[in-house]
Amino acid sequence: MKNFILLLSLFFPLNIISANSCDEPGHKIKRRGNILEIASGDRQYRIEWCTSSMFRIRVASTGGFEENEPWMVVSYDWPDIDYKLTEKEGGFTLVTDDLIVEGTSEPFKIKVFDKENKLLHADADDVDLTSGYRGDSAFCIKKLFADEHFFGFGERMDFIDQRGKNLSLNVGRGIGADHTEGAYNILRANYSPVPFMMSTRGYGLFFHNSYKSDWDMGYTNAGHYTFTAKGGELDYYFIYGPAFTSLMEQYTHLTGRTPLMPRFAMGLHVGTYSGGTWGYENITSQYYVVQLAKKLRELGIPADILHLDSTWRIFGKKSGKGGTSFEWRQPGFPDPKAMFDSLYDLNFKMVGLHIRPRIDNGEKKNYLDLAQKVGITYPENGKPGDFPDYFSEKATDWWWENCMLQLAELGCKYVKTDEGSAFGRIGNEVNRVGPTGKEVEKLHNVFPIAYAKAPFEHFMAYNGMRGMNHTREGFAGIQRFPFIFAGDWPSEWQYFHPVIRGGINCGLSGIGAWTHCMGGFEHIADPELYIRWCQFGMFSPVAMLFGMEHPRYKEPWQYGEQALTIFRDYDRLRYKLVPYLYSSFYNMYKTGAPVIRALVFHHHSDPNTYSIDDQYYFGENFIVCPVTVKGAASRVVYLPEGRWYDYWSGREYAGRQYILVKTPLEKLPVFVKGGAIIPMQKVKEHIVPAPPDSLIFEVFPDGKSSFELYEDDGISLDYQKGAFSVVTVTCREEEDHIRLIFNSESGQYYNNHKDYLLKIHLDKQPQNVSAQYKESHVILDAAGNVIPSHLSQNNWTYDADARLLYISCKPDNKSGFELRIVK
C-alpha cells in the first residue's frame with residue numbers, strides 16, 4: 001500500500017488533506033465526515049463511505065440531491081469511516097482498509113483498486129462524460145473487462161450470466177393478447193426485477209433508483225456496460241467482496257434481510273380455487289376446502305399452510321377479477337368462520353386469502369365508495385382512484401380496519417398480494433392503467449413493496465406472531481416481507497427450466513424466500529412433468545402446490561398412483577429436513593445468503609459455473625439437479641471443487657468435473673458436499689413450532705467441517721432479542737479417528753433435546769466409539785442411570801452394505817459433548 005502511494009507521488013504532486021481542510025470557498029473537493037463532495041462542471045458529485053468496502057456515488061440533478069427513500073434501502077446511517085484523502089492536480093485518491101479509489105474531477109471519473117492494487121472497476125476511459133444526465137434520464141458508463149461476468153438483476157427467466165445482454169428492469173410480465181408472446185414470454189418476464197448485480201471481478205453494484213432502468217451489459221459495445229433510468233437521480237452503491245457471499249451480506253444489510261417466518265412455513269403450502277376456478281365460480285365451496293385438507297391428512301401427505309385463491313370472493317362491480325370486494329361468494333361460503341375453525345382443527349397452522357390491490361364495490365358493501373369518500377385512495381387523473389394509497393400509513397390503517405380486519409377475525413392469518421404490477425401499468429385483469437404521471441413512474445417499481453408491507457405488518461401485529469406474506473411482484477427490498485412466488489407459468493416442459501432459472505437468479509439478487517407453483521399453474525400437466533416439477537418444488541425455499549386447471553388443480557392424487565407416491569415421498573423428505581432448512585433460513589436472516597444458491601455464488605472463480613442454470617445449492621450442503629427434459633434417462637451434472645456424494649447411493653465423486661447420472665423417474669439427482677452435517681427430524685403430518693425432542697444427524701466426514709443448528713420457539717419475534725439456540729456441530733476427520741464435537745449452545749433459548757441418532761458415512765466398521773461429556777455434568781438416561789462415557793454395542797451399529805455407522809446418544813447442549821470414532 002505505502003509503495004503504491006509513493007509511486008503515485010512520483011507523477012503527481014500530492015497534498016494530504018485533513019478532515020476539515022477542504023472547505024475553502026471555490027474548492028472543488030469538500031470533505032464532511034464520510035462524505036466527499038466534488039464540483040465537476042455544472043454538476044455536484046458526492047462520494048459517501050458506508051463501510052471500508054462500500055461507498056455510494058450520487059450526482060445531483062438540477063433540483064439537487066433527493067431525499068432518502070424508505071422502500072429500497074433501510075440503512076442510511078453509517079459509523080465514521082477512517083479513510084485517507086489525498087488531493088492531486090485534477091483529481092484525488094481515497095484509501096480505506098479495503099479499497100483505493102482514484103478519481104478525477106474534470107470530468108468526474110473513478111477507478112477502484114483492492115488493497116493489493118488490482119484494478120477492480122472503472123468508469124469507461126474512452127468516453128468523456130461517463131455519469132450524469134441526458135434530459136431526465138440518469139446514466140452511467142463503465143469499463144467492461146474481458147474476464148468479467150455479471151449475475152443478479154432479480155427474478156429473470158432468460159439467462160443467468162448477463163454479460164453481452166440488454167436488460168430492462170420494470171415490474172410486470174409481458175403484455176399482449178397472445179400469451180405466448182406476452183404473459184408467457186420469458187424474455188419479457190419481470191415479476192421481480194432488482195437493480196443489483198455481482199461481478200466476477202469481486203464487486204457488486206446497486207443502482208438506487210426506482211424508475212424503469214435499462215442495462216446494456218456489453219450488448220452494444222463490448223468494452224462498456226451502461227445503466228440508465230428514465231428519471232430520478234444517478235445514485236449507486238459500489239460494494240467490494242470479493243466473495244459473492246460477502247457481497248450479498250453487505251447488499252442485504254443495505255436493503256434489509258429476510259426475517260424468519262414461523263417454523264411451520266417450512267412445510268407444504270397448498271393453494272386452492274375452492275373447487276371452482278374462473279368459469280366455474282358458481283361451484284366454489286367452503287366444504288371443498290375442508291375436504292381437500294382432510295384428504296391430505298388421510299393420504300399421509302404432510303401439509304401446514306393453505307390459501308384460498310381469488311374465487312372465495314365475488315368479483316368487483318368496477319374492476320371485476322382485478323378488484324377486491326372483500327365479500328364472500330354465495331352460496332358457497334355460508335359460514336367462513338366454521339371453515340377456518342375446521343382447518344385449524346386439522347392442524348393447519350395458517351390459512352390465507354387471495355387479494356388484488358384495487359379495492360372495489362360488492363353486492364352488499366361498497367368499500368371503494370367508502371375509501372374514496374374518506375380520501376385514502378391514490379388519485380387518478382385528478383380524481384379519487386381505485387388503489388388504496390399503500391404508501392400512506394393513514395390509508396393502510398383504514399384499509400386494514402375497514403376491509404381486512406373482518407377477514408382476520410374470521411380466521412384469515414395472511415394474504416396473497418397478487419398483481420403488484422398493476423399500479424401505473426395496464427392490469428392483467430383490468431384493461432386500464434390506473435394512476436399515471438412522473439411520480440407514478442417513480443413509485444411503480446416500489447409499489448409491490450408497499451403493497452406487501454401493509455398486510456405483513458398488520459397481520460403480524462394482529463396474530464401476535466411472525467409475519468408471512470405471499471406475493472408475486474417485487475423489487476429491491478421485497479425480501480423483507482417474505483415470500484414471493486414465480487408467477488403464473490403454464491404446465492409445459494418449455495417453462496419448467498426457466499422457472500428454475502428464475503429462482504436461482506432471485507437468490508443472486510437478495511431474494512431468498514421464493515417459490516413457484518409445483519407442476520405449473522395453468523393447463524393440465526403431463527404426469528412426468530408434474531413429478532419432475534414437484535421434486536424440484538420440495539427442494540425449493542418454500543414448497544407450494546397450486547394450480548388453476550379444473551378439475552385437477554394440481555392435487556397429487558389426480559395424476560396417478562405413481563405421481564401420488566413420489567409426491568408423498570419427497571414431501572416427507574422435506575419434512576424430515578426441516579431442521580436443516582430452518583437453520584438455512586436463519587443463516588439467510590443473519591448473512592443474506594439465500595436458500596437457493598447458484599453454483600457461481602460459492603465458486604465465482606470457476607468459469608464452469610457461469611452458465612449453469614439448472615443446478616443449485618440448497619442451503620450450504622446440497623446440490624440439487626432437476627431433470628427438465630421429458631423422458632430423460634440421464635443428465636449431465638457439474639460438481640464443483642471438493643468431494644461429493646450421491647445422496648441416494650452414497651457413491652463418492654471428486655469435484656471439478658462433469659459426470660453423467662441416471663435419472664429414473666423416482667430419482668431427483670441430489671449430491672451432498674464432503675464434510676456435510678445434515679440435521680433432520682422424524683416425519684410428522686404437520687410441524688409444531690417448538691423444536692423436536694429427537695434429532696438425526698447425517699454426517700459425511702471430510703477434513704474439518706461444521707454446521708450451525710439453529711432453533712427457537714418457532715413462532716414469536718423473540719429471536720430478534722436473543723431468544724434462540726445455536727449449537728455448532730464440528731466434524732474433524734483425522735488419519736485414525738473422527739471427532740464429532742457438539743459445542744454448548746449459544747443464545748437465550750434452551751432446546752431440550754432428548755435423543756440424537758447419528759448416521760455417519762464410513763467405508764469400514766470402526767474399532768470403537770466413545771462419548772465424552774463434561775466431567776462436572778452427569779448425564780442420565782430415561783431410567784435415571786448414569787450414561788457411561790464409553791458407548792457399548794447397544795449404542796452403535798455398523799451397516800456394512802450401506803457403509804453407515806449409526807450412533808444413539810443423549811445430548812448435552814448446555815455443556816457440550818464429543819463423540820470419538822476410532823477407525
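The values are calculated or read from the model by the stated rules, or taken from the named source; none is laboratory data. From a predicted model like this one, the values you see are computed outputs, not experimental measurements. A quick note on method: Cβ atoms are made from the backbone with ideal geometry, for glycine too, and the neighbour counts reach across all protein chains shown. Just so you know, the surface numbers come from the protein's heavy atoms only, side chains and all, with ligands and any DNA or RNA stripped out. Shrake-Rupley method; radii C 1.70, N 1.55, O 1.52, S 1.80 Å.
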Completion exercise
Considering residues that are more than 15 Å from L296 (Cβ to Cβ) and of a type in the set (D, E), the number found within segment 535-568 is 2
Exercise for the section: Output the number of residues of segment 270-295 satisfying the condition of being surrounded by fewer than 23 Cβ atoms within 10 Å (Cβ to Cβ) and farther than 18 Å from Y344 by Cβ. Expected result: 10
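What number of residues in segment 67-79 are open to solvent by less than 70 Å² (accessible area, probe 1.4 Å) and over 17 Å from E249 (Cβ atoms)? Lay out the reasoning, then the answer.
Let us first name the residues in segment 67-79 that are open to solvent by less than 70 Å² (accessible area, probe 1.4 Å), namely 69, 71-73, 75-76, 78.
If we keep only those that are over 17 Å from E249 (Cβ atoms) as well, we get 69, 71-72, 76.
Going through segment 67-79 one residue at a time, the tally reaches 4.
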Fill in the blank from the handout: The condition from (1) touching a strand residue (DSSP E or B) at 6+ places or on another chain (Cβ under 6 Å); (2) modelled with pLDDT of 95 or more that N68 misses is numbered (1)
Exercise for the section: Go through the residues of segment 47-60 one by one and say whether even a single one is under 20 Å from D235 (Cβ atoms), open to solvent by 50 Å² or more (accessible area, probe 1.4 Å), among the small types (G, A, S) and part of a loop (DSSP other than H, G, I, E, B). Expected result: no
Exercise for the section: Write out, first by first residue and then by second, each pair whose Cβ atoms fall under 7 Å of each other, whose residues are 6+ apart or on separate chains, and whose first residue, in segment 499-520, is on the phi < 0 side of the Ramachandran plot and part of a loop (DSSP other than H, G, I, E, B) while the second is basic (K, R) and buried (at least 24 other Cβ atoms within 10 Å of the Cβ). Expected result: M518/K554
Handout entry: Selection within segment 255-294 - in a strand (DSSP E or B) and within 16 Å of E549 (Cα to Cα)
Key = V270, G271, T272
Practice task
State which residue pairs qualify: first residue open to solvent by 10 Å² or more (accessible area, probe 1.4 Å) and of a type in the set (D, E, K, R) and inside segment 149-170, second residue modelled with pLDDT under 95 and in a strand (DSSP E or B) in any location, beta carbons under 7 Å apart, and separation of 6 or more residues or different chains.
Solution key: none
Handout entry: Per-region count, segment 692-714, residues in contact (Cβ under 8 Å) with a residue 60 or more places away in the chain and not in a loop (DSSP other than H, G, I, E, B)
Key = 11
Practice task
Please indicate, with yes or no, whether at least one residue in segment 418-425 is crowded, with 20+ Cβ neighbours inside 10 Å, at positive phi and not small (G, A, S).
Solution key: yes
Exercise for the section: Residue by residue through segment 376-400, note down the ones that are part of a loop (DSSP other than H, G, I, E, B), open to solvent by 60 Å² or more (accessible area, probe 1.4 Å) and out of contact with any strand residue (DSSP E or B) (no Cβ under 7 Å at 6 or more places or on another chain). Expected result: P379, N381, G382
Completion exercise
Listed by first then second residue, the pairs whose first member lies in segment 173-185 and is at pLDDT 85 or above, whose partner is open to solvent by less than 20 Å² (accessible area, probe 1.4 Å) and not in a loop (DSSP other than H, G, I, E, B), with beta carbons under 8 Å and at least 6 positions apart or on separate chains, are R173/N190; Y184/Y495
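Condition check: surrounded by 14 or more Cβ atoms within 10 Å (Cβ to Cβ), under 30 Å from A454 (Cα atoms), among the acidic types (D, E) and touching a residue at least 12 places away in the same chain (Cβ under 8 Å). Does E87 satisfy that?
Values: surrounded by 14 or more Cβ atoms within 10 Å (Cβ to Cβ): yes; under 30 Å from A454 (Cα atoms): no; among the acidic types (D, E): yes; touching a residue at least 12 places away in the same chain (Cβ under 8 Å): yes.
No.
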Exercise for the section: Go through T226, T252 for me and flag whichever is at pLDDT 95 or above, open to solvent by 10 Å² or more (accessible area, probe 1.4 Å) and outside any loop (DSSP other than H, G, I, E, B). Expected result: T226
Handout entry: Filtered residues of segment 615-644 (kept if open to solvent by 10 Å² or more (accessible area, probe 1.4 Å) and either more than 24 Å from M266 (Cβ to Cβ) or among the aliphatic types (A, V, I, L, M) (or both))
Key = T628, V629, K630, G631, A632, A633, S634, R635, V636, E641, G642, R643
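Yes or no, residue by residue, for (1) polar (S, T, N, Q); (2) at pLDDT 95 or above; (3) out of contact with any Cys (no Cβ under 7 Å at 6 or more places or on another chain); (4) open to solvent by 30 Å² or more (accessible area, probe 1.4 Å):
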position	(1), (2), (3), (4)
L660	no, yes, yes, yes
K673	no, yes, yes, yes
A676	no, yes, yes, no
P689	no, no, yes, yes
D702	no, yes, yes, yes
S705	yes, yes, no, no
K721	no, yes, yes, yes
Completion exercise
Residue pairs qualifying under the 6 Å Cβ cut-off, at least six apart or on distinct chains, with the first in segment 553-578 being under 13 Å from G519 (Cα atoms) and open to solvent by less than 20 Å² (accessible area, probe 1.4 Å) and the second being in a helix (DSSP H, G or I) and hydroxyl-bearing (S, T, Y), are Y559/Y530; A563/Y530
Practice task
Mind checking which strands (runs of 3 or more DSSP E) fall wholly inside segment 580-691 and carry at least 1 residues that are under 27 Å from I741 (Cβ atoms)?
Solution key: 616-618, 622-624, 643-646, 652-654, 670-673, 677-680
Practice task
Find the residue count for segment 325-360, including only residues that are in contact with an Asp or Glu (Cβ under 6 Å, 6 or more places away or on another chain) and either among the basic types (K, R) or open to solvent by 20 Å² or more (accessible area, probe 1.4 Å) (or both).
Solution key: 3
Handout entry: Residues within segment 611-621 that are of a type outside the set (G, A, S) and in contact with a Leu (Cβ under 9 Å, 6 or more places away or on another chain), tallied
Key = 5
Problem - Residue satisfying all of: in segment 97-133; out of contact with any strand residue (DSSP E or B) (no Cβ under 7 Å at 6 or more places or on another chain) and free of Cβ contacts under 8 Å to residues at least 60 places away in the same chain; nearest to R58 (Cα to Cα) among these - result: L129
Exercise for the section: Confirm whether K590 is surrounded by fewer than 16 Cβ atoms within 10 Å (Cβ to Cβ) and not aromatic (F, W, Y). Expected result: yes
Practice task
Look at segment 295-337 and say how many of its residues are assigned to a loop (DSSP other than H, G, I, E, B) and in contact (Cβ under 8 Å) with a residue 60 or more places away in the chain.
Solution key: 9
